[in-house]
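Okay, structure first, notes after.
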Amino acid sequence: MAAANTKSGKAAAKPQDAKAKAAKKAALKGTSSHSVRKVRTSVTFHRPTTLRLPRAPKYPRKSVPHLPRMDQFRTIQHPLNTESAMKKIEDHNTLVFIVDIKANKRNIKDAVKKLYDVDAAKVNTLIRPDGKKKAYVRLTADFDALEVANKIGFI
């Protein structure tokens, strides 16, 4: 009876038995035990590039955006009313200002438009020997520099 029982038992358990032995072998030795070693072609090691995810901040680092650092009141410091500046006003329809050292010609043109409601035809700048920036603002033909200087109040 025992022989008959084992014969029928072996025949019934053969496929599962082989599968179980293969699983046991894989668990003991590991599935990737016969991996081929990578051939290095360079003597220096370069770290492999990995996934770079874009930043997804949980909160903004600045709560309020910064105000414009170069507004019209910082750009134009004061008008210049020397004799040569007066001659420019009368002869060439040009106003002369001392401006911020970091202001560019576009900033100066916009500041003159905002502060005095006049259009500038062109702006010439120079840096004086004392380190201040001087701007010659030539007005368009439809504005008179003498009237604007009177309105500003330095004549």
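The values are calculated or read from the model by the stated rules, or taken from the named source; none is laboratory data. Just so it is clear, the structure is predicted and the values come from calculations on it, not from any experiment. Every residue, glycine among them, receives a Cβ derived from its backbone with ideal geometry; neighbour counts consider all protein chains shown. Remember, those area values only see protein heavy atoms, side chains included, never the ligands or the DNA or RNA. Shrake-Rupley method; radii C 1.70, N 1.55, O 1.52, S 1.80 Å.
For region 99-117, how many residues are within 21 Å of GLU147 (Cβ to Cβ) and either open to solvent by 90 Å² or more (accessible area, probe 1.4 Å) or assigned to a strand (DSSP E or B) (or both)?
Of the residues in that region, 3 qualify.
Checking ARG138 against (1) part of a strand (DSSP E or B); (2) within 16 Å of PHE154 (Cα to Cα): exactly one of these is not met. Which one?
(2)
Residues THR82, THR94: which one is out of contact with any helix residue (DSSP H, G or I) (no Cβ under 8 Å at 6 or more places or on another chain) and β-branched (Val, Ile, Thr)? It would help to see each step written out before you state the result.
Working: THR94 fails: out of contact with any helix residue (DSSP H, G or I) (no Cβ under 8 Å at 6 or more places or on another chain).
Only one candidate qualifies: THR82.
Give the residues of region 45-86 that are surrounded by 12 or more Cβ atoms within 10 Å (Cβ to Cβ) and in a helix (DSSP H, G or I), sorted by residue number.
Scanning region 45-86 gives GLN72, ARG74, THR75, ALA85, MET86.
So which residues in region 118-147 are among the aliphatic types (A, V, I, L, M) and open to solvent by 40 Å² or more (accessible area, probe 1.4 Å), if there are any at all?
ALA121, LEU126, ILE127, ALA141, LEU146
Mind listing whichever residues of region 34-86 are of a type in the set (Lys, Arg) and either within 30 Å of THR125 (Cα to Cα) or over 18 Å from the mean Cα position of the chain (by Cα) (or both)?
ARG37, LYS38, ARG40, ARG47, ARG52, LYS58, ARG69, ARG74
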